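The values are calculated or read from the model by the stated rules, or taken from the named source; none is laboratory data. On a predicted model such as this, the values are computed, not experimentally measured, just so you know. Every residue, glycine as well, gets a Cβ built from its backbone with ideal geometry; the counts of neighbours run over all protein chains shown.
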């Protein structure tokens, strides 16, 4: 079991603790890019999608969504068994919040910007729309708030990856007040023209 560490007013170095952090968000918000920058700075980051594949946790692929189907209960069980040997501090992936890690950092992005990013990646329209709606409805944030003790959110819309990385590091160092959940709302932007 992960013990909650009060960090809102205390500075700490996550690399010197036994705590794991989740870095999550809708596909396309910048999780992988930020994770790569954190790795370059010496943070141990687990790519959850790779972990799922390496541990045969995928129950198949959803061809319609071009994504892996995963039993979350089994994922949590295997992660708990292996986490001491993994020596990671940050777990990155759009399912990482399901591991109930604290803090959990949810990267967010305006649907208009997110659509541009997804189109640039060549995603099909149906997959784009599904993810835009999930972002507009706070899907991952709501899931994270339901299963995690400590949740923060960062708006990546007008930030470059280095700025987002600095925001993540601020949260990890206990500077959390600017990142309390509930300030970001894309519903009007997304649904006004529909």
The stretch 176-194 - residue that is surrounded by 13 or more Cβ atoms within 10 Å (Cβ to Cβ) and under 18 Å from the mean Cα position of the chain (by Cα) and, of those, farthest from residue 34 (Cα to Cα):
186
Residues that are surrounded by fewer than 21 Cβ atoms within 10 Å (Cβ to Cβ), more than 14 Å from residue 27 (Cβ to Cβ) and under 18 Å from the mean Cα position of the chain (by Cα): does the stretch 114-131 have at least one?
no
For residue 74, are the conditions met, namely being out of contact with any helix residue (DSSP H, G or I) (no Cβ under 6 Å at 6 or more places or on another chain), more than 17 Å from residue 21 (Cβ to Cβ), surrounded by 13 or more Cβ atoms within 10 Å (Cβ to Cβ) and without any contact (Cβ under 8 Å) to a residue 24 or more places away in the chain?
yes
Filter result for the condition that a residue is surrounded by fewer than 23 Cβ atoms within 10 Å (Cβ to Cβ) and either touching a residue at least 24 places away in the same chain (Cβ under 8 Å) or touching a strand residue (DSSP E or B) at 6+ places or on another chain (Cβ under 9 Å) (or both), over 134, 144
134
Residue 6 meets each of (1) part of a loop (DSSP other than H, G, I, E, B); (2) at pLDDT 95 or above with one exception, condition (2)
From the residues in the stretch 34-61 that are touching a residue at least 40 places away in the same chain (Cβ under 8 Å) and part of a strand (DSSP E or B), which one is farthest from residue 74 (Cα to Cα)?
45
On the basis of being surrounded by 12 or more Cβ atoms within 10 Å (Cβ to Cβ), closer than 26 Å to residue 125 by Cα and in contact (Cβ under 8 Å) with a residue 24 or more places away in the chain, does residue 110 make the cut?
yes
